[in-house]
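The values are calculated or read from the model by the stated rules, or taken from the named source; none is laboratory data. If you're wondering where the values come from, they're calculated on a predicted model, not measured in any experiment. Here the Cβ positions follow ideal geometry from the backbone for every residue, glycine too, while neighbour counts run over all protein chains shown.
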Amino acid sequence: MSQEPGAHHHETELARELSLFDTINIVIGTIIGSGIFLVPSEIARAVHTPGWMLGVWVIGGVLTLLGALSLAELGAAMPEAGGIYTFISRAFGRLWGFLCGWMLFTVATSGSIATLGAAFPIYLGAFVPLNPVTTKIAGVLAIAALTWINIVGVKNGARVGNVLTALKVGGLVVMVAAIFALPGPTKEAAAASAAAAPPLPAGAVPMAAVGVALVAVLWAYEGWHDVSFAAGELRDPQKNFPRAAIGGVAIVIALYLLANVAYLMVLTPAEIAATDKPALLAMTRVTGEWGGKILTAAILCSMLGAMNALILAGPRAYYQMAKDGLFFDRVKRVHPKWRTPVEALVFQGLWATFLVLFIGGFSQLFTYVIFGGWIFYALAVLSVMALRRKEPSLHRPFRVPGYPIVPIVFALTALAIVLNTLKETPREATYGLAFIALGIPVYYIQIAWRKRRA
């Protein structure tokens with residue numbers, strides 16, 4: 001797949017083929033996956049009151065929007081393929097940039113793909129009988145199929161993403177509308193169902209529990225930053241990147257809040273905590289089995305859509321790392337016909353497959369992702385401040401409103417989330433920290449190896 005000596009330079013570069021519509025769909029498609037349909041039960045078990053169950057979604061949404069505002073400034077000023085890896089490298093140096101890219105590869109992006117691969121069979125089982133072995137196989141096959149689609153052209157991946165995003169958003173809207181519009185169960189039936197659910201703890205909700213719930217919420221919002229990796233393939237990125245990043249996140253926040261209000265209209269917190277499929281339970285409560293089947297199909301589209309968007313976006317960071325001499329040289333190769341980073345896509349798919357097979361289930365994987373990811377999301381947002389000092393003459397078509405309060409609040413909150421995760425779920429946090437720390441010797445070893453080759 002190496003470039004022929006006489007080939008034109010543009011054939012070795014990524015093509016700017018993504019429109020504003022494509023880009024907004026990448027933002028929405030990457031964020032809305034399994035979280036809104038699965039993690040409300042994790043949240044109910046942690047905070048157990050309707051007020052806090054909605055409150056943590058508001059906190060997570062506001063925090064995500066603060067991050068998107070910050071990345072909008074950086075993405076418009078530096079519309080390159082590397083996204084947050086590029087921002088951190090320019091702000092804090094090559095080592096921190098490498099560790100960010102290493103974290104994306106080993107933890108955040110590949111881990112998010114793996115988490116969706118683990119979640120996908122939970123709902124696929126409604127249509128196809130699965131055992132523990134075929135559950136793993138289903139997740140791996142979904143990763144392999146979407147990786148191939150994105151190998152044969154970024155526009156192919158975008159088209160598939162647009163269709164899946166339309167189906168998933170449509171399904172979410174139909175679910176919310178059905179719960180709001182259709183009559184729910186009778187008071188007697190609702191009381192009987194509520195009584196059957198195991199009771200939740202009474203009393204005040206401790207702040208540590210709010211932190212645990214917030215990790216689950218942030219998994220549902222995970223992917224808000226991934227559009228930055230595809231900035232090198234956006235048309236008119238100085239205008240379209242901020243519009244897509246901010247607009248896409250705002251749409252998702254609205255949909256998530258409506259969905260959670262809908263759940264609480266027909267289910268008690270105890271019922272939500274007692275099921276691993278709260279969205280399906282809420283839908284069947286008002287529509288019966290037919291509505292549940294429709295929603296299940298929409299949820300499967302949602303998971304596949306998020307997986308597709310992650311698979312599309314993530315390799316652009318590894319590609320840029322390889323171009324900068326910080327990753328395997330093969331990863332910077334672009335296919336001369338498809339104009340995609342084929343080997344970066346393959347490496348990512350193989351590692352995500354490993355995580356599906358050997359690391360753990362849904363909740364273990366999303367905790368692992370959030371802990372590792374938010375360390376570097378904080379650094380990426382702080383890059384706004386560092387680069388304003390370091391590169392004051394850099395053209396900034398968009399500037400963060402509320403600077404410097406917005407990036408500071410985001411970074412401090414991210415630090416609190418990371419510390420609370422380390423305290424409350426040390427096993428998954430340690431996995432994430434270990435993979436990130438492994439990047440330090442890898443960085444110095446490959447630097448020494450390149451010097452010896454030279």
Qualifying residue in region 285-298 (condition: surrounded by fewer than 24 Cβ atoms within 10 Å (Cβ to Cβ) and in contact with a Pro (Cβ under 8 Å, 6 or more places away or on another chain)): yes
Every residue from region 389-421 that is free of Cβ contacts under 8 Å to residues at least 24 places away in the same chain, closer than 20 Å to residue 68 by Cα and under 21 Å from the mean Cα position of the chain (by Cα): 412
Wholly enclosed helices (runs of 4 or more DSSP H) of region 73-151 bearing at least 3 residues free of Cβ contacts under 8 Å to residues at least 60 places away in the same chain: 132-151
Selection from region 383-394 of residues that are of a type outside the set (Ser, Thr, Tyr) and over 14 Å from residue 87 (Cα atoms): 392
Qualifying residues in region 306-338 (those that are part of a loop (DSSP other than H, G, I, E, B) and among the basic types (Lys, Arg)) - the one farthest from residue 160 (Cα to Cα): 333
Only listed residue being aliphatic (A, V, I, L, M) and either over 24 Å from residue 23 (Cα atoms) or not in a helix (DSSP H, G or I) (or both), chosen from 346, 261: 261
Tally, over region 354-382, of residues that are of a type in the set (A, V, I, L, M), assigned to a helix (DSSP H, G or I) and at pLDDT below 75: 1
Conditions (1) farther than 21 Å from residue 306 by Cα; (2) among the charged types (D, E, K, R); (3) modelled with pLDDT under 90; number of the one not met by residue 22: (1)
Some residue of region 158-170 being farther than 25 Å from residue 233 by Cα and assigned to a helix (DSSP H, G or I): yes
Filtered residues of region 200-251 (kept if of a type in the set (Asp, Glu) and in a helix (DSSP H, G or I)): 226, 233
Single condition residue 141 does not satisfy, out of (1) of a type outside the set (Val, Ile, Thr); (2) under 20 Å from residue 365 (Cα atoms); (3) at pLDDT below 90: (3)
Criterion violated by residue 281 - all others in (1) farther than 30 Å from residue 136 by Cα; (2) more than 21 Å from the chain's Cα centre (by Cα) satisfied: (1)
Number of the condition not met by residue 70 [criteria: (1) out of contact with any Pro (no Cβ under 7 Å at 6 or more places or on another chain); (2) modelled with pLDDT of 90 or more]: (1)
Residue list for region 396-412, restricted to those being part of a loop (DSSP other than H, G, I, E, B) and touching a Ser or Thr at 6+ places or on another chain (Cβ under 8 Å): 400
